[in-house]
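Below: one structure, written as structure tokens.
What follows draws every value from the coordinates through simple rules; no lab data is involved. Only a predicted model underlies this, so the values are computations on that prediction, with no experimental measurement involved. So basically every Cβ, Gly included, is an ideal-geometry build from the backbone, and we count neighbours across all protein chains shown.
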């Protein structure tokens, strides 16, 4: 009889099944292509923001120009705006009358007020405002190009009959007051304006307006 040898207890099975490992590979090439297409799309369809600048005309520093030439402005078109503390703003038209404080008129920063800076500037610049408004409508209707619009607006703003605004601020006026007035220049299409130094006579005129002439009478004594 053949002996049957038992392999219990100890033998290791050989030739067992092996698990096959599958490596996963994700191809991102289509994703890169899609991103490039999206970037190109937005670059072509999105207009880049242009830097916001404010045109500002300053008094000339040319020593060859006399003071009379620097201040030579057609009186009927000249407008001087004086800024003072506590959000006070005044103006006078034409040549200043420093002996009459009542020639100084008070204004308001509130655009809704009938006595606002905006209402005054629009009234003084009504012809240019109307022409520029018509150009804006033509641009919206694509009747004129952006370059044509810009060139014609510049010509209208600097026309002979447009007002010249002189802005003067006391030391007590705030930076916000100055910016508000400059904003009104842009809104009302004022093309000719300057920021000038306030004079002693300008300050006396403001004091006379605020005190109903008491300060000027005291100075005269």
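For this structure, a couple of remarks:
- Region 72-221: relative contact order as a whole-number percent, Cα under 8 Å and 6+ apart: 30 percent
- Convex hull of region 119-200 built on C-alpha atoms - directionally averaged projected area, nm²: 6.5 nm²
- Separation of the residue 161 and residue 137 label points, Cα + 7 Å toward Cβ, nm: 1.9 nm
- Computed from label points 7 Å out along Cα-Cβ, the spacing between residue 179 and residue 105 is 2.9 nm.
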